[in-house]
Amino acid sequence: MLLDITRNQFFYAGLVLLALGVQFRYVEAVQLTPEFTQMIGQGTGSPTAAVNTIGQSLVQSERPILAATVRLPDWLGYSLMSIGAVLVLHAMAMRAPGGG
């Protein structure tokens with residue numbers, strides 16, 4: 001049996017994507033913590049992780065010294081808002097739960 005997606009689920013998913021898109025339009029860049037940057041770098045084999053490890057040994061510190069900045073593209077917020085608006089409008093056009 002396939003899972004039927006109801007009107008309320010479409011509406012909720014649309015609102016979440018719409019709000020996420022608006023949030024992404026307000027945020028220009030995200031500054032990651034040095035610890036998170038090192039964790040991501042070790043998982044991907046990034047040279048930033050190697051620099052953090054070498055920097056920690058030179059400074060003899062437990063804390064990584066480099067932090068990454070993630071810049072969000074402009075189109076991301078607009079596309080999330082568009083998809084969210086389409087889902088909300090689609091939910092409005094669907095039949096109400098209970099067959100009404």
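Conditions tested, residue by residue: (1) modelled with pLDDT under 75; (2) within 20 Å of Ala13 (Cα to Cα); (3) loosely packed, with under 14 Cβ neighbours inside 10 Å.
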site: Pro34; (1), (2), (3): no, no, no
site: Val59; (1), (2), (3): yes, no, yes
site: Ile65; (1), (2), (3): yes, no, no
site: Ala91; (1), (2), (3): no, yes, no
Residue identified as surrounded by 12 or more Cβ atoms within 10 Å (Cβ to Cβ) and at pLDDT 85 or above among Ala19, Ala29: Ala19
Pick from region 69-86, criterion more than 27 Å from Ile40 (Cβ to Cβ) and small (Gly, Ala, Ser), ranking: surrounded by the most Cβ atoms within 10 Å (Cβ to Cβ): Gly84
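The values are calculated or read from the model by the stated rules, or taken from the named source; none is laboratory data. Just so it is clear, the structure is predicted and the values come from calculations on it, not from any experiment. Glycine gets a Cβ as well: all are built from the backbone with ideal geometry, and neighbour counts include every protein chain shown.
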